[in-house]
Every structure is written in structure tokens, then in C-alpha cells.
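The block underneath contains the structure these notes are about, expressed in C-alpha cells.
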Amino acid sequence: MKLAGGLLAEGPRSRLLERGAEALSDVELLALLLHPGFGDSSALLLARELIVGFGGLVGLARAGQPVLLAHPGVGPARYARLAASMELARRQALQEMRTNGDVLSSPGHTRRFLSHHLGTRPREVFTCLFMDTQHRVLRCEDLFFGTLDGAAVYPREVAVRALQYGSAAVILAHNHPSGVSEPSAADRRITQRLVGALGLLDIRVLDHIIVGSGECYSFAEQGLL
């Protein structure tokens, strides 16, 4: 990208309008969020610094508000634009999943939502999707929160919520902040406990999805349910 007199000869905004957002790099897209007007090269430099410093987009998203606000050059306005863009992506994925109806007919929508919902969490979060008899999502709820080492999951609490929402089925999900989506021995044990507890109430566990860095692990697809 050529610079002339301190100004960008062809800024990312112009390239996006002419060629589409997919033509821009991660740094250029982030720079547009940091400085929508894009009058000079400072936003590009800051975007590159953030992506490199936090180890990519996932690391940047996991950094959290205090860390990003403390970073030179970010500030409340730029942080707000970043947070808003991530929340819009999450809500779009949730709407796609709900609009589709039966979650089993389009597992890609469910995984996309869960990746947006859990993929950037710095700590482990256990989430449940509660569904009706047609496998339409009634509610998505984060039930348990843990450290980087795991979350304490209580089958009784999941059962109480399922009955409260009149659920006929659930999808369990949690993230691995380490980025590795393979289930641990504890993940397998709690899955079986939940299947057993909910089965007594005639509530089916359709899947347990583990969200890692850029990939998801499905218990159902692996024949573990």
C-alpha cells in the first residue's frame, strides 16, 4: 500500500467498497473498525500492533475490556467499536440458528453460533441450548463459569432449567480456552452424568459441543452419545 504525503493512496475503505470485505487482510479490516474515517496510516499501525501483540484475532477478542483499554491508542471509543462488532456477529449467528428451526437439520448454524458465543471467552463457560419437541431453540443460557482449568457443572441445575423452560431436548456446550477441542476425561464423565440425569426426566441430550480455536468437537458425531 503506497503512502503519499502521510496519507494512504488507496485506503482499505476504498478497496472494501470496490472489491468487497473479503479482499482485505485482518489488519486492514481491524484498522477500519479502529478508525472508520481512515485519514492516515495510524490505524493500520495500531491494528498490526494489536494483532501481533495478542497473537491474532482470537487472542485480541479474548483480551477483555481492561486489557484493551489500557493498551496505548485504543481508548473507550475504539474499544466500543470492537466490542460492538463482535456482539453483532454473535447475534447474527444466533438469529440464523433460531430462524432455521430444527437445529439438527443445520448443525453448521449451531456451531457457528457457539463459536461466536464461546470461542473468545478467556475462561471456561458451560452453556446449554434448551429446545422444544421440534428441536427449536427456546433459550440459550450460560450456566457455569470456571477458571482456565475447568468449570464445576451440576446436573441438578441443568435439569431445573430444562424443566423451567419446558425443554424436550438440550445441546450442551463449553469452551476450551487452551484452544484444543478434544474432550478430557472429565468432559466425558460429566456428559454421561447429564445424559443420565436428564434422561430420567425424558429430556434428550442431542449433543455436547466443545469449542476450541477455530474448530468444534461434537460428541454426537464421534458416536459418544
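Which one is modelled with the highest pLDDT among residues in the stretch 34-77 that are touching a strand residue (DSSP E or B) at 6+ places or on another chain (Cβ under 9 Å) and of a type outside the set (Ser, Thr, Tyr)?
Let us first name the residues in the stretch 34-77 that are touching a strand residue (DSSP E or B) at 6+ places or on another chain (Cβ under 9 Å), namely 38-41, 44.
Filter once more, keeping what is of a type outside the set (Ser, Thr, Tyr): 38-40, 44.
Values: Phe38: 44, Gly39: 47, Asp40: 53, Leu44: 87.
Within the stretch 34-77, the match that is modelled with the highest pLDDT is Leu44.
For the stretch 168-177, which positions are small (Gly, Ala, Ser) and more than 14 Å from the chain's Cα centre (by Cα)? Quick ask: steps written out before the conclusion?
Initially, the stretch 168-177 is screened for residues small (Gly, Ala, Ser), giving 168-169, 173.
Ala168, Ala169 - these are the residues of the stretch 168-177 that are small (Gly, Ala, Ser) and more than 14 Å from the chain's Cα centre (by Cα).
I'd like to check something: does the stretch 121-128 contain any residue that is assigned to a helix (DSSP H, G or I) and aromatic (Phe, Trp, Tyr)? Quick ask: steps written out before the conclusion?
Our first condition is that a residue be assigned to a helix (DSSP H, G or I); within the stretch 121-128, this holds for none.
Looking for residues that are assigned to a helix (DSSP H, G or I) and aromatic (Phe, Trp, Tyr), one finds none in the stretch 121-128, hence no.
Working only within the stretch 99-115, note down all residues that are surrounded by fewer than 19 Cβ atoms within 10 Å (Cβ to Cβ) and touching a His at 6+ places or on another chain (Cβ under 9 Å).
Answer for the stretch 99-115, where residues must be surrounded by fewer than 19 Cβ atoms within 10 Å (Cβ to Cβ) and touching a His at 6+ places or on another chain (Cβ under 9 Å): Thr99, Asn100, Gly101, Asp102, Leu104, Ser105.
The values are calculated or read from the model by the stated rules, or taken from the named source; none is laboratory data. Everything quoted here is computed from the prediction, not taken from an experiment. Here Cβ is always computed from backbone atoms with ideal geometry, including for glycine, and neighbour counts include all displayed protein chains.
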